[in-house]
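The values are calculated or read from the model by the stated rules, or taken from the named source; none is laboratory data. Since we're looking at a predicted model, the values are computed, not measured. Cβ: placed from backbone, ideal geometry, glycine included. Neighbour counts: every protein chain shown. The area values use the complete protein model at the heavy-atom level, side chains included, leaving out ligands, DNA and RNA. Shrake-Rupley method; radii C 1.70, N 1.55, O 1.52, S 1.80 Å.
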Amino acid sequence: MRRFATMITLAALLITSTVYAQDGQGADGLGDELFPTLGNGGYDALHYTIELDADIENNTISGTTTIDAETTQELRTFNLDFIGFTIDHVNVNGEAVDWDRQDGELIVIPLAPLPAGEPFTVSVTYSGVPELVDHGSAPVELGWRNFGGGVVVLSEPDGAAGWYPVNDHPLDKATYTFHITVPEPYVVAANGQLADTTAADGSITYTWESQDPIASYLVTVTIGEYVIQTEEGPGGLPIRNYFPPDLAATAAVDFSKTGDMITYFSEIFGPYPFEAYGVVVIDTDLNVALETQTLTIFARNGITGTGEREETVAHELAHQWFGNSVSLSQWNDIWLNEGFATYASWLWIEHTTSGEDLDRLIETIYDQVAAAGTTYFPPPGSPPPGNLFNGGVYYRGALTLHALREHIGDEAFFDTLRTYANRYAYGNAITADFIAIAEAASGEDLSDFFERWLYDPQLPDIPEMDLSATAS
Ligand code: TRP
Ligand code: ZN
């Protein structure tokens with residue numbers, strides 16, 4: 001699914017990266033500089049139907065993923081990203097077709113060329129033990145993770161292909177239907193809203209529907225035994241939290257501010273973009289949280305019952321605007337996700353304490369970034385491959401936004417955030433799109449400002465706060 005804003009970005013990528021269609025062959029990548037083989041050319045995935053039987057004990061899955069798509073060129077062959085499993089058969093428009101595999105690419109060969117600009121359906125029936133995906137670009141191993149007693153899917157940036165065939169790049173978002181069958185008493189929580197449950201022979205099929213387009217790295221299925229806690233957010237927004245039974249009371253404390261946070265972020269960024277929100281706490285320890293769309297994942301050891309992880313709670317929620325609704329167009333721009341979510345969590349601190357507390361926080365972080373240097377905090381605009389989620393992307397990225405705010409003033413700054421969240425909602429953006437909005441809002445040429453903050457190894461000054469890393 002590509003909205004208008006995406007088309008412009010995509011056209012720009014195609015021109016610079018020569019991912020041209022050759023002889024009806026859909027390209028095996030979308031021109032991402034860091035991940036050249038993620039995503040595929042020649043079609044636009046619109047809707048995924050993922051129908052899987054999960055055997056938790058043996059850690060196998062089996063079933064069919066069906067993609068409703070549209071060709072963007074004539075296709076004699078096209079690719080999906082898919083890792084592992086035994087493929088039983090591949091159908092195009094209901095008929096069995098030939099296919100081939102090369103590394104993470106599944107090459108599909110329709111019986112006759114698919115004409116340009118036409119809808120088509122491809123389905124893949126497969127089974128096996130999911131392989132974990134570890135290309136060194138994420139803080140943990142990715143994919144369908146069975147931790148014994150449950151399953152969690154974590155995919156950012158390139159783990160989605162480890163459990164379903166997919167056009168695995170944020171440039172091609174799509175809507176989803178999940179039919180996941182699990183043995184009782186397991187429960188399935190996934191993106192969107194629970195539409196149906198059907199019980200048969202000791203198993204239950206959970207149907208989840210996601211009406212808003214999702215980037216594949218934000219798609220998740222989690223399986224566990226849960227207590228479900230529901231509440232109503234602002235404007236009647238359904239909030240549903242999935243907690244391990246023994247943690248339900250403590251976790252409820254940690255997430256008690258979610259509704260207030262949504263209200264505050266809606267005021268400053270614009271309306272919450274999706275049909276629902278909530279968190280799932282998986283029943284295993286992991287030192288990460290992931291902003292999977294409409295259903296953020298936390299791990300057991302992230303729960304304290306004291307609310308002291310409020311900053312992380314706010315960070316993951318803010319990603320729903322920055323990263324999930326407005327998605328990056330290339331992984332190099334990851335600061336558009338992490339710098340923004342980090343700064344949003346600081347805005348929540350400012351909102352719930354005082355402006356002075358924010359100033360102290362900024363000073364502390366600035367000094368830490370200055371002292372630790374570029375090994376820990378590289379300039380955020382061009383993260384080193386293999387260290388995508390580095391400290392610079394988070395903290396120097398967030399400082400970039402604070403420095404911008406100091407430089408252009410609150411009115412132009414918040415106007416910029418709102419315009420950016422609104423203009424690229426449900427689509428994709430690049431760093432230049434954000435800069436253009438900030439320039440229009442402030443009436444200033446900010447090219448030098450962003451050049452220094454995003455790409456210069458030297459940490460720039462924040463003169464309005466007397467902060468300098470080169471101080472005499
Ligand atoms: N996006 C996560 C955050 O909010 C970090 C992250 C990247 C991650 N890849 C991941 C977390 C994979 C869990 C699994 O900071
Ligand atoms: Zn984040």
Before we move on, is Phe274 among the aromatic types (Phe, Trp, Tyr) and outside any loop (DSSP other than H, G, I, E, B)? no
Inside the range 48-75, the number of residues satisfying the requirement of being part of a strand (DSSP E or B), open to solvent by less than 40 Å² (accessible area, probe 1.4 Å) and either acidic (Asp, Glu) or over 16 Å from Val92 (Cβ atoms) (or both) is 5
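Residue by residue, here is whether (1) assigned to a strand (DSSP E or B); (2) at pLDDT below 95; (3) at negative phi; (4) surrounded by 23 or more Cβ atoms within 10 Å (Cβ to Cβ) holds:
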site	(1), (2), (3), (4)
Thr312	no, no, yes, no
Asn324	no, no, yes, yes
Glu338	no, no, yes, yes
Ala341	no, no, yes, yes
Ala344	no, no, yes, yes
Glu356	no, yes, yes, no
Leu361	no, no, yes, no
Gln368	no, no, yes, no
Considering only strands (runs of 3 or more DSSP E) fully contained in the range 113-213, which possess at least 1 residues that are away from ligand 1 (no atom under 16 Å from the Cβ)? 119-128, 174-183, 187-190, 193-200
Look through the range 221-252, keep the residues that are open to solvent by 60 Å² or more (accessible area, probe 1.4 Å) and among the charged types (D, E, K, R), and return whichever of them is farthest from Arg145 (Cα to Cα). Glu232
Which residues, counting only those in the range 403-419, are open to solvent by 30 Å² or more (accessible area, probe 1.4 Å) and not β-branched (Val, Ile, Thr)? Glu406, His407, Asp410, Glu411, Phe414, Asp415, Arg418
Test Thr71 against the criterion of being polar (S, T, N, Q), more than 24 Å from the chain's Cα centre (by Cα) and closer than 23 Å to Val279 by Cα, and give yes or no. no
Among the candidates Thr284, Thr374, residue that is assigned to a loop (DSSP other than H, G, I, E, B), under 19 Å from Ile462 (Cβ atoms) and away from ligand 2 (no atom under 15 Å from the Cβ): Thr374
For the range 146-165, indicate whether the set of residues that are open to solvent by 60 Å² or more (accessible area, probe 1.4 Å) and either modelled with pLDDT of 95 or more or among the polar types (S, T, N, Q) (or both) is non-empty. no
